[in-house]
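Participant: Handing you a structure now.
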Amino acid sequence: MVISSATRRAGATKAAPRPHDLLRIDANTLISDDSATPQEWVSHCLSRTPWVVVRWSPAGNELVAVGVRGDDRSQRFAAWAPLSAINQILSPEDLVGHIDGIDPNFAVAEAAKSARDLFKTFGLTWGVTGSVGFTLATGFNAIHSASDLDLVVRVSAETVIGKREWKHISTSLASLPCRVDARISALIGEISLNEYVAAASEPVLVRTAEGPKLISDPLGAR
């Protein structure tokens, strides 16, 4: 089961697009990079499923950086979408309430439910991304037996979670029945949960709108 069209409209995010948000767009308005020529699969996938994901990249001139998802893992295409071409926005958080609809034959179904219970324990805001998020948002199944569970956890200045708790979360996610790629999104940017808990005093790689940066104690700087 996936989110129905009516529910998707009702649950659409009102704010400006953020990285990992899924956008339903007018596909013929997509702008490709000057150095990149769209392959045939790009047009095919957008015609079938006119959804793109917001990328970590500087935006401007009423454009948002997006990526087109193909059927194969190697099929990813970077482009730009005019803000005026966006018909609907769904954030990863919008999709959490629908994870019970994931096909139970896939390991990510059990993993997503366990992750929901885990983050509820810590009072954390989170959402699903990757193939699971794409499937729930669009209704087109992108999940397979070896799919990872990709997710993002939102933190703010009010989030009171220490390194010990993050390590517990990382260990718990590692015990789930599929690989989990968890990222922490803060005001300063986005970091890998596993890289953060493994770091001692060394800087951690942070994704930002201006590009990747090495920052010491990125959550302390949030």
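Participant: With every protein chain kept in place and ligands, DNA and RNA left out, what is the accessible area per residue of the chain? Probe 1.4 Å, answer in Å².
Facilitator: Accessible area per residue, the chain: 51 Å².
Participant: Here's another thing I want to ask about it. At what distance in nm do the modelled label points of Ser43 and Glu165 sit from each other, each positioned 7 Å from its Cα along Cα→Cβ?
Facilitator: 5.1
Participant: In deg cm²/dmol and to the nearest 500, what is the mean residue ellipticity at 222 nm of the chain if only DSSP H runs of at least 4 residues count, each as -39500 (n - 2.57), divided by the residue total?
Facilitator: Taking each H run of at least 4 residues, the total per residue is -7500 deg cm²/dmol.
Participant: Evaluate the distance, in nm, between pseudo-label points positioned 7 Å from the Cα of Gln75 and of Leu118 along their respective Cα→Cβ axes.
Facilitator: 3.1
Participant: Let me ask something else about it. Given the options Asp21, Asp117, Asp181, state which has the largest fluctuation in a GNM of the chain using a 10 Å cut-off (strictly under) for Cα springs.
Facilitator: Asp117
Participant: What GluC sites (Glu not before Pro) in region 32-128 are in a loop by DSSP, with at most 13 other Cβ atoms within 10 Å of the Cβ?
Facilitator: Listed in order of number, the matching sites are Glu62.
Participant: So between Thr208 and Ser175, what do we pick up on full extension, going 0.36 nm a residue minus the alpha carbon distance?
Facilitator: So the extension gain works out to 9.0 nm.
Participant: While we're here: Have a look at Arg154, Arg73, Arg18 and tell me which one the Gaussian network model of the chain (Cα, springs below 10 Å) gives the largest fluctuation.
Facilitator: Checking each option, the largest mean-square fluctuation is seen for Arg73.
Participant: While we're on this one: How much of the accessible area of region 86-222, probe 1.4 Å, is carbon plus sulfur, in whole percent?
Facilitator: Within region 86-222, the accessible surface is 50 percent carbon and sulfur.
Participant: Name the shape class, rounded, prolate or oblate, that the alpha-carbon gyration tensor gives for the chain, where a ≥ b ≥ c are the square roots of its eigenvalues, rounded holds for a/c under 1.5, and otherwise prolate holds if a/b is larger than b/c and oblate otherwise.
Facilitator: Oblate, because a/c is 1.5 or more while a/b does not exceed b/c.
The values are calculated or read from the model by the stated rules, or taken from the named source; none is laboratory data. These figures come from a predicted structure and were not determined experimentally. Backbone-built Cβ (ideal geometry, glycine too); neighbour counts: all protein chains shown. These area figures cover heavy atoms from the full protein model, side chains too; ligands, DNA and RNA do not enter into them. Shrake-Rupley method; radii C 1.70, N 1.55, O 1.52, S 1.80 Å.
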